[in-house]
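Colleague: Quick one: this structure, given as structure tokens, is what I'll be asking you about.
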Amino acid sequence: MGIGEQIFHLIQSMEKQDKRYFKLYASRYQQTKQKNTILLFDIINQLKDYSEEEVEEKAKKKHIKHLSVVKHQLKKELLKSLSDLWYNYADTPADGDIINKLSIAYKLNFPALVYEWNEKGRERYPNGEEPAFQALLDVREMTYYLHNMGKYKAQLETLYQNHQTHIDLLQNELIYRKLRSDVYYWYLTNKHALENANFAELEQLIDTPYFEDESLAISYISKRLLYFSKSIYYRCKSISKKQLFYDKKMIQLGLDDKQLIRAYPYHFIVDTYNYIQSHIALGIMDKIEEELANFQEVGKELHPESAAHYRFRYYYTILTCTYFSKSNQTHKTIAFLQNPLFCSPQSPHPKNFHHVSTIYFCMIEAFFIAGNNEVTLDWIAHYKTHCLPHKNIDTELYIRFFEVACHYNLGNIQLCKNLLTRFDYFYKKHQLTSATLSLLFPLFKSIITHHSSPNVPKDEIEHFEKLLETIKNNDMIKTLYQWFVNTLHK
């Protein structure tokens, strides 16, 4: 994706107040308001579809010279303005803000300011967590005290001890990061054929005291990485009871100490999502509503305007829609969509295209997973009416393949051909890359293996699975794509 298209998608993602703030930010340090970056912003903001030729033509009319340089400057200013805006509205300072303020305080030799932002840095994470960040704070602090050796000798000795503790935490965390990464990588490379996989390499990975002895994990991060590794291991071994046990232990770390949820909201949200989603996938539905209610209660502790709260709502929407569709409770799904917390224009939470699009996408995915093709097609029709004008390419790509998949499952092969012809036009129009297509592999496999038509020969399915497992380069991706189209055409 070129820088111009990146800027286009970035601007499309911004809300009105973001755009208004950018213009104020961009003109703040300029003698004239009509600077080139603002002119280029207005040009790209008015586009419905990104066209490099159209941008160049309009930029020429506005007498914008050195367009490539202006694009890079515009991208830089957009990100700076958003960072500044979100910092002012955030309930806690971000890591970068703390480091920046400390740098200013040290440069000005302002001890009171140094102390204030060091304390904010240490309060950013409870119980000495996030050792890499804490170690960085230590180095900054020690540098200052070394310049004032006589005055701060006692504090410096204490700081050295604290620094060693943070380094130990960091080393421990790195050990468990490697364990998690190795186990997860093994799983990703073998998950399509676990029944015939060679488990020797995996068994060797987990044959370590760090995997067996949980007391060796000395921080929240390390424990979470260990529990994740164990969860993946038992998933590979198809021992669902143990898998869910360690999924639950990850969540319990946050429930035992609510400070951890506030410090690491994304961790807790993702862990809870995986835990509930695993229950749904395994068909263990008896306590799902209770778990969803608990998840919603914890979500109320997140700041309503924070990015973490939007992530929570996104995952909560997916889980709820999937659960209702799996348990055939369509009436509850509709009632859920009318919940003011998620959909009402009167809700205090800001609404934008991405949130509305997410709800539609969740509904489509949920009913497709449940095997209800007719209802899936109804929601696709709703989506096209309300969301496709926004031209979010990645989402539209998925929606088009869901549409093909549903008609394929219903036996409407001729309609599949027509849709694929339109998709080919879409593919060429937006100049989709092989990297974009690779995101569709799980969906390809789901369509062919789990919703397969008698028209698809078994040997072709097996051939497709082998290609998925051995894919290595872009040419292979193109071959897979062509194979998929040809298979549906048959």
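The values are calculated or read from the model by the stated rules, or taken from the named source; none is laboratory data. A quick note: this is a predicted structure, and the numbers were derived from the prediction, not measured. For neighbour counting, all protein chains shown are included, and Cβ atoms are generated from backbone atoms with ideal geometry for every residue, glycine included.
Colleague: Inside region 93-140, can you point out the residues that are in contact (Cβ under 8 Å) with a residue 60 or more places away in the chain and surrounded by fewer than 18 Cβ atoms within 10 Å (Cβ to Cβ)? Quick ask: steps written out before the conclusion?
Modeller: Within region 93-140, the subset in contact (Cβ under 8 Å) with a residue 60 or more places away in the chain is 124-131.
If the condition is that a residue be in contact (Cβ under 8 Å) with a residue 60 or more places away in the chain and surrounded by fewer than 18 Cβ atoms within 10 Å (Cβ to Cβ), then PRO126, ASN127, GLY128 are the ones that fit.
Colleague: Suppose we filter ILE232, ILE221 for residues that are surrounded by 18 or more Cβ atoms within 10 Å (Cβ to Cβ), in contact with an Asp or Glu (Cβ under 6 Å, 6 or more places away or on another chain) and either in contact (Cβ under 8 Å) with a residue 24 or more places away in the chain or of a type in the set (Val, Ile, Thr) (or both); which single one remains?
Modeller: Working: ILE232 fails: in contact with an Asp or Glu (Cβ under 6 Å, 6 or more places away or on another chain).
Residue meeting the stated conditions: ILE221.
Colleague: Every residue in region 1-40 that is over 20 Å from the mean Cα position of the chain (by Cα), among the hydrophobic types (A, V, I, L, M, F, W, C) and either farther than 18 Å from GLU56 by Cα or at pLDDT below 85 (or both), please.
Modeller: PHE22, LEU24, ALA26
Colleague: Also, I was wondering about something else. Condition first: over 30 Å from ILE167 (Cβ atoms), surrounded by fewer than 17 Cβ atoms within 10 Å (Cβ to Cβ) and of a type in the set (A, V, I, L, M, F, W, C). Now tell me which residues in region 189-218 satisfy that.
Modeller: Matches in region 189-218: ALA193, LEU194, ALA197, PHE199, ALA200.
Colleague: For region 141-180, which positions are in contact with a helix residue (DSSP H, G or I) (Cβ under 9 Å, 6 or more places away or on another chain) and among the hydroxyl-bearing types (Ser, Thr, Tyr)?
Modeller: THR143, TYR144, TYR145, TYR152, TYR160, THR165, TYR176, listed by residue number.
Colleague: Now a separate question. As an exercise: evaluate ARG262 against (1) more than 20 Å from the chain's Cα centre (by Cα); (2) surrounded by fewer than 22 Cβ atoms within 10 Å (Cβ to Cβ) and give the number of the one condition it does not meet.
Modeller: Unmet condition: (1).
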